[in-house]
Amino acid sequence: MEAGVVLLLLFSLLGIASSLSFYGDSISFVPLQKKTDGTFKVTFYHRQNGRSNCQDQSSFACESGVCTSFDKSSVLQTDQDNTGQGLWCQSEGNTTATVLTNKTSFFLRDSGCCWVPNVEGKTNWTTHTELDLGTRSDTHSLNSCPVTATVSYLRVPQNCFSRIHILAYDPDGDEVKCRFAASNPTNFTLDETACTLTSTGDIQTGIHVFELMIEDFSTKNITLTYSDGTSVFQKAYNMSSPPLCKVKLQFSVEVLLPIPNCDAGFVQPKFLYRTPLHGDILHATVGQTFQLYAQAQAQDASIFDFQVSGPENMTKVFKDDALGKAEVTLSWTPQYTDLYRSVPVCFTAETNHTQSEMRCVVVLVTQASTTQGKVTVQCSPNKMTVAVEKASIAGIDENFLKLSDPSCSLTSNSTHIMGAMSFSTCGTKVEEKGDFIIFKNGINSFELANEVITRRRTVKINFSCQFPKAISISNYYNLQNADYIFTESSFGSFGYTFEIFRNSNFTNKVEASAYPVQVNLLQTIFMGIHASADLPNVTLFVESCKATPDNNPENTLSYYIIRNGCLEDKTVVVYPSDQTIFNFGVQAFKFTGNYDQVYITCSVILCESGSPFSRCAQGCLKDPSRRRRRDLSSETVSHYITQGPLQFVGQPVPSAAKDSQDVLMDRSGIPAAVSPQPASPDTKSALESWEIKNLFSSNISTVVFASAFLVSVVLLAVVIHHKKRKQKAEECNVLIVSEWEN
């Protein structure tokens, strides 16, 4: 790219630069703005890491004749070593310039002295940034540079150097590549796509310095249009073309002496589950306090601090306990000048001997158009519970709030709005990220369909639970063994389980490892729904159950076995049970066509026992129009629960059908013995029908031979009949002739 503007990093006092013992730096940009007069407004933030005296960061100056205005902020120290030894510190300053140019790129460069003494023997350092000034055809705006940063002072024991994750986020969603800006350091390698630094051999103790170039490339075919009227086409993922932006990241890593145990959580601190993951995108709004919470633990060491790389005026509150745990709360209130800024925040947990892994997140600052609220989330093995402080969303009408799935209700008391859900219900989404599984949901405001105007503020509150993959939680959210948990104001928390059983006693359920459950046609499938609730006297009502060939209950290809509380399929048998259990059996069937699986989805309602006006009391309704309006105080809304899949194998087993022996096949194909059940009249007629079909379909060759034989007999009869008629006619003619001759 052509260098159109040069902003010089000028040191008024080289002695100050020398005393900094430079540890590294990073530069990040606020989205560039093109003014109507053709000039560009350029605002950038410079974070500089050093050993001490970080407030003496060098100042930027603009080249004469290039800028019409040049505003520099004061440099603020954002974090420092609290041991009193002055081991590390970080500062941040920002500069806003109005740049005159009709060129195609923006160029920023400076060099100074001196790197902290290091293994590589480097002394002078160089800052380098280059940004294309073309307007993108996909976003109709100028390109945004990748966002990156590190903490001031990275440390890792010699025998524990595995990898360092480098933040490389692009606001435009471009492909980001990382590469060494200079020669490759000895025994280190860089994954350019993942931006991960790893060791490839024995590494020397001492401080190593790294200089990386972070570059972005469009993932779409785009055209870049410049102020002089020219344009350039750039092909998607073309890594051989010049990058849209390149930003230099510089940092240092001290390789410490070996430690006896490299497992995270012992000498090296490990982050606990409430800590954001590396690369997470968080949100903040102008004028509202943003908070980031991190927690770490080290059983064999004491965590005395968290090292943080963050924006100006970010504060931290540190706490520890006697169990080796420590936590930090970072607080920051973005100002209007931070609007639309992508702010990198990095942090590590510190001990005397080493530190935790480095994690970095990006905080996106937006206009305060939505209310987020103060939220407390409790994560348990099979559900998550959220509580929102009403005081944090003052003036919000709680009747217009919903979870991601609006069929799940929220409850409230005088101080909080609350909700509870399992990991498979209420619109909860599952996401895998690194070594964690994350369950996400949200509380959002909504508008009525017939509203033309509204004076209610928008509410958007996201919450999540994350678990290490090492913890087996699959049984808590897999479809075949799901707990469906809901909350409604009149019923509190309640839930359903939906199981497949091996016999009509409903005591031996099919284990999770046997899914998909393999069955034969005409085999009786035993299924049970169980309701549990905070209230003691409730009744379960199954309003409908329908089958689909996949786990989409809205599939147009469906078959009702229960509808409007009435048994639709003639083979359904409901077994006696208490008021919170619905056990039933149905003969297995499959959809015609190329389908070998069936899922069952049921609509269930919970009612207050003894209420004569509830849906449960109405039972089977052949005419749905007779359905009374829902009694909010005596019943819940309908909730859908799904079970399956049932997978069909082989042909029906004649002996099992004739003997009325219900057999449920496990995953290995070995039948599990169950108690024989007397066949109902419907079952007998179905078996007789099956025997007739089996008689005509069991042996194709016999049927063909029989058909040919019958055709031959018919043809022979026709021929004989024809000959007899001809012979009779001839005899009749002879008789007539003889009589005429006489």
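All of the numbers you see were taken from the coordinates with simple rules; none came from a lab. Note that this is a predicted model, so its numbers are computed, not measured. When we count neighbours, we look across all protein chains shown, and the Cβ atoms used for this are built from the backbone with ideal geometry, even at glycine.
The table that follows gives values for the structure above.
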| read-out | value |
| --- | --- |
| Two-site FRET efficiency, Asn159 against Val574, from Cβ-Cβ distance with R₀ of 51 Å, rounded to 0.05 | 0.20 |
| Cα pair distances of region 133-282 binned at 10 Å [whole percent] | 10, 33, 29, 17, 9, 2, 0 |
| Rough spin-label spacing in nm, given labels placed 7 Å along Cα→Cβ, for Thr366 and Lys235 | 3.6 |
| Packing-based ranking, highest mean first, of 139-150, 169-180 given that Cβ atoms within 10 Å are counted | 139-150, 169-180 |
| Protection proxy ranking, peptides 411-420, 265-274, average beta carbon neighbours within 10 Å, highest first | 265-274, 411-420 |
| Environment charge at Val386 (Cβ cut-off 12 Å; Lys +1, Arg +1, Asp -1, Glu -1) | +2 |
| Radius, Kirkwood style, for region 283-376 when every pair of distinct Cα atoms is counted (Å) | 14.3 |
| Cα-projected label distance for Asp228 with Asn462, points at 7 Å along beta-carbon direction, nm | 4.2 |
| Residue exposure sequence - Cys346, Cys160 - by fewest surrounding Cβ within 10 Å | Cys160, Cys346 |
| Least to most buried among Arg109, Arg502 (fewest other Cβ within 10 Å first) | Arg109, Arg502 |
| Length released on extending from Lys622 to Lys590, taking residue separation times 0.36 nm less the Cα-Cα span | 8.9 nm |
| Extension gain (nm, one decimal) between Ser392 and Ser611, 0.36 nm per residue minus Cα-Cα | 75.0 nm |
| Cβ-defined net charge surrounding Asp320, 14 Å radius [Lys, Arg +1; Asp, Glu -1] | -1 |
| Contour minus Cα-Cα distance for Ser183 and Ala512 (0.36 nm per residue) | 113.0 nm |
| Over 28 Å (Cα to Cα) - which of Lys383/Lys622; Lys35/Lys246; Lys325/Lys383; Lys122/Lys316; Lys590/Lys622; Lys270/Lys509 fall in this group | Lys383/Lys622; Lys122/Lys316; Lys270/Lys509 |
| Proxy reagent accessibility, fewest Cβ within 10 Å first, across Ser105, Ser614, Ser111 | Ser111, Ser105, Ser614 |
| Gap separating the Cα centres of region 193-217 and region 218-249, nearest whole Å | 26 |
| Label point distance in nm, Gln77-His353, each placed 7 Å from Cα along Cα→Cβ | 3.0 |
| Pairwise FRET efficiency - Arg274 versus Ser302, Cβ, R0 = 22 Å, nearest 0.05 | 0.60 |
